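S.K.: Below is a structure I'd like to ask you about.
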Amino acid sequence: MTDFAILGGAPAFAEPVHVGRPNIGDRDRLMERIAGVIDGRWLTNDGPLVHELEQEVADVVGVPHCIAMCNGTVALEIAIRAAGLTGEVIVPPFTFVATAHALQWQEITPVFCDVDPRTHNIDPARVEELITPRTTGILGVHVWGRPAPVDELARIAGEHSLRLLFDAAHALGCSTGGRMVGGFGTAEVLSFHATKVVNSFEGGAIVTADEGFAEVARLMRNHGFADYDEVGHVGTNGKMSEIAAAMGLTSLESREQFVAANRRNYEAYHAALEGVDGVELIDYDDRESCNWQYVVVEVAESAGLTRDELQAVLWAENVLARRYFFPGCHRMEPYRTLFPDAAERLPETERLVQRVLALPTGTSMTTDAVTTVAGLVERAMRDAPRLRAALRAAV
Ligand code: T4K
């Protein structure tokens, strides 16, 4: 075993090991589908593969309506508009910035609500104090695929006549209390981005049990066209292409394999990191359905290395661990300028963004590779004083 790369040793991996490496699935089936798209000369605009994907996703999620979109962000924007949100919407700051941007893009103010440090999700106990006469909705996020507090949020939304939507970008195939994510609130939004458990290169979907909502979202996805010459609604271009749907269907067919690989990786990380001081792997409820798509550790303030020091050690080894969702939406523009005091109201988010590190998983990671990454974390924490001294000297 050579020394740490940061101390002059050879990196543990010759090539970069990424978080978010896409799962591919059955290549031949994908190529066959793509050939069919080319041969059929129907490339986009509500094509047959998009229809098939919508049906399959609706079945997985257990809702009657799925409207596939070009990506999760546009799906969020359309869901927000179809729900008639205006004014202010309550949202967690510990999420990918697309959640907040989808509101701000439509001149709706995201009102950041602190998170529960145990779940990383919006803390329902803090929502009510943020409701004002301008509040029209709550946009929850199922961070890492761990379901948000859906029942508490539904109660609050009901009592205050607010719309409730969920950003379910991470949560395809996840459940809480035996109920699948996808059926909560007025609608939920999935992402099929390359980095997600099921991907369509780029893609997303709105899923909902509300027929009227589905109809409006469908119109909005295609410029409002209700028929060839009839525009019944303001709209945009949120359409998914047939090539994207070809990938989405192929990916969805292998979903169980992808989830099994994620789970195997998670368990290997769990075994290797158990007992490592100051490093805690977030847990999933294995009585529920989950996709295990994110392997996330929290590095305690008291640990030998800070999260950032650990990340620097790993990057030198070609392990490109990611600080999702650093530094929190409230510290990104335009929110940093719009709400300069937001951090004071968000102590848990402030602490969390300093602690969290996402490690590589997915089908591209072998168990050996996971063991190597986890071993690096364990050794780094054991050798913390020497590494810290070297890192500080380099600065
Ligand atoms: N809401 C939530 C909670 C979300 O997490 C997201 C997306 C959205 C909404 C919006 O959904 P979409 O509009 O994206 O459908 C990445 C993804 O681009 C983003 O989709 C995802 N969340 C977010 C969590 O991660 P970045 O800025 O980290 O991307 P990037 O380019 O740094 O790639 C991430 C990692 O994946 C890298 O380590 C490289 C690796 N990678 C990436 C791609 C695209 C690959 O190995 N191959 C690839 O093809 O945002």
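S.K.: Is it the case that Thr86 is β-branched (Val, Ile, Thr), touching a Lys or Arg at 6+ places or on another chain (Cβ under 9 Å) and surrounded by fewer than 18 Cβ atoms within 10 Å (Cβ to Cβ)?
M.R.: Details: β-branched (Val, Ile, Thr): yes; touching a Lys or Arg at 6+ places or on another chain (Cβ under 9 Å): yes; surrounded by fewer than 18 Cβ atoms within 10 Å (Cβ to Cβ): yes.
Judged against the criteria, Thr86 is a match.
S.K.: Limited to region 321-357, what total is found for residues that are under 30 Å from Thr2 (Cβ atoms), open to solvent by less than 30 Å² (accessible area, probe 1.4 Å) and not charged (D, E, K, R)?
M.R.: Total meeting the criteria: 3.
S.K.: Regarding Arg41, is this residue in contact with a Gly (Cβ under 8 Å, 6 or more places away or on another chain), open to solvent by 50 Å² or more (accessible area, probe 1.4 Å) and at pLDDT 95 or above? Spell out how you get there, then give the answer.
M.R.: Working: in contact with a Gly (Cβ under 8 Å, 6 or more places away or on another chain): no; open to solvent by 50 Å² or more (accessible area, probe 1.4 Å): yes; at pLDDT 95 or above: yes.
Answer is no for this residue.
S.K.: Against the conditions (1) within 16 Å of the ligand (Cβ to nearest atom); (2) more than 26 Å from Ala100 (Cα to Cα); (3) open to solvent by 10 Å² or more (accessible area, probe 1.4 Å), where does Glu317 fall short? Just the number, please.
M.R.: Unmet condition: (3).
S.K.: Hey, another quick one. Here is a check on your reading of the model: is Leu49 open to solvent by less than 70 Å² (accessible area, probe 1.4 Å), away from the ligand (no atom under 16 Å from the Cβ) and either within 30 Å of Met365 (Cβ to Cβ) or in a helix (DSSP H, G or I) (or both)?
M.R.: On the way: open to solvent by less than 70 Å² (accessible area, probe 1.4 Å): yes; away from the ligand (no atom under 16 Å from the Cβ): yes; either within 30 Å of Met365 (Cβ to Cβ) or in a helix (DSSP H, G or I) (or both): yes.
In short, yes.
S.K.: Of Ile67, Ile34, which residue is farther than 27 Å from His120 by Cα and within 15 Å of the ligand (Cβ to nearest atom)? Spell out how you get there, then give the answer.
M.R.: Working: Ile34 fails: within 15 Å of the ligand (Cβ to nearest atom).
One residue alone meets the criteria, Ile67.
S.K.: Would you point out the residue of region 92-108, among those that are of a type outside the set (Phe, Trp, Tyr), in contact (Cβ under 8 Å) with a residue 60 or more places away in the chain and not in a helix (DSSP H, G or I), that is surrounded by the fewest Cβ atoms within 10 Å (Cβ to Cβ)?
M.R.: Applying the filter and picking the extreme gives Val97.
S.K.: Sticking with this one: Inside region 272-287, can you point out the residues that are over 20 Å from the mean Cα position of the chain (by Cα) and touching a residue at least 60 places away in the same chain (Cβ under 8 Å)?
M.R.: Those that are over 20 Å from the mean Cα position of the chain (by Cα) and touching a residue at least 60 places away in the same chain (Cβ under 8 Å): Ala272, Leu273, Val276, Asp277, Gly278, Val279.
S.K.: Let me ask something else about it. Going through region 1-35 one residue at a time, which ones are more than 27 Å from the chain's Cα centre (by Cα) and free of Cβ contacts under 8 Å to residues at least 12 places away in the same chain?
M.R.: Met1, Thr2, Asp3, Gly8, Gly9, Ala10, Asp28, Met31, Glu32, Ala35 - these are the residues of region 1-35 that are more than 27 Å from the chain's Cα centre (by Cα) and free of Cβ contacts under 8 Å to residues at least 12 places away in the same chain.
S.K.: Hey, another quick one. Exactly one condition in (1) over 24 Å from Pro327 (Cβ atoms); (2) away from the ligand (no atom under 16 Å from the Cβ); (3) open to solvent by 10 Å² or more (accessible area, probe 1.4 Å) is not met by Ile24; state its number.
M.R.: (2)
S.K.: Follow-up question, since we're still on this one. What are the residues in region 353-395 that are more than 22 Å from the chain's Cα centre (by Cα), outside any loop (DSSP other than H, G, I, E, B) and of a type in the set (S, T, N, Q), if any?
M.R.: Residues satisfying the conditions are Thr367, Thr371, Thr372.
S.K.: Just for region 182-223: of the residues that are free of Cβ contacts under 8 Å to residues at least 24 places away in the same chain and within 22 Å of Glu242 (Cβ to Cβ), which one is surrounded by the fewest Cβ atoms within 10 Å (Cβ to Cβ)?
M.R.: Of everything passing the filter in region 182-223, His223 is surrounded by the fewest Cβ atoms within 10 Å (Cβ to Cβ).
S.K.: So, one more: Going by the structure shown, is Arg307 open to solvent by 30 Å² or more (accessible area, probe 1.4 Å) and either farther than 30 Å from Gly8 by Cβ or charged (D, E, K, R) (or both)? Let's see the steps before the verdict.
M.R.: Numbers: open to solvent by 30 Å² or more (accessible area, probe 1.4 Å): no; either farther than 30 Å from Gly8 by Cβ or charged (D, E, K, R) (or both): yes.
The answer is no for Arg307.
S.K.: So which of Val74, Val61 ends up being at pLDDT 95 or above, more than 12 Å from the ligand (Cβ to nearest atom) and open to solvent by less than 40 Å² (accessible area, probe 1.4 Å)?
M.R.: Going through Val74, Val61 in turn, the sole match is Val61.
S.K.: Hey, another quick one. What single numbered condition from (1) within 15 Å of the ligand (Cβ to nearest atom); (2) touching a residue at least 60 places away in the same chain (Cβ under 8 Å); (3) under 29 Å from Glu77 (Cα atoms) fails to hold for Cys290?
M.R.: (1)
The values are calculated or read from the model by the stated rules, or taken from the named source; none is laboratory data. From a predicted model like this one, the values you see are computed outputs, not experimental measurements. Cβ atoms come from the backbone with ideal geometry, glycine included; neighbour counts cover every protein chain shown. When the accessible area is computed, the model is the full protein with side chains, heavy atoms only, and any ligands, DNA or RNA have been set aside. Shrake-Rupley method; radii C 1.70, N 1.55, O 1.52, S 1.80 Å.
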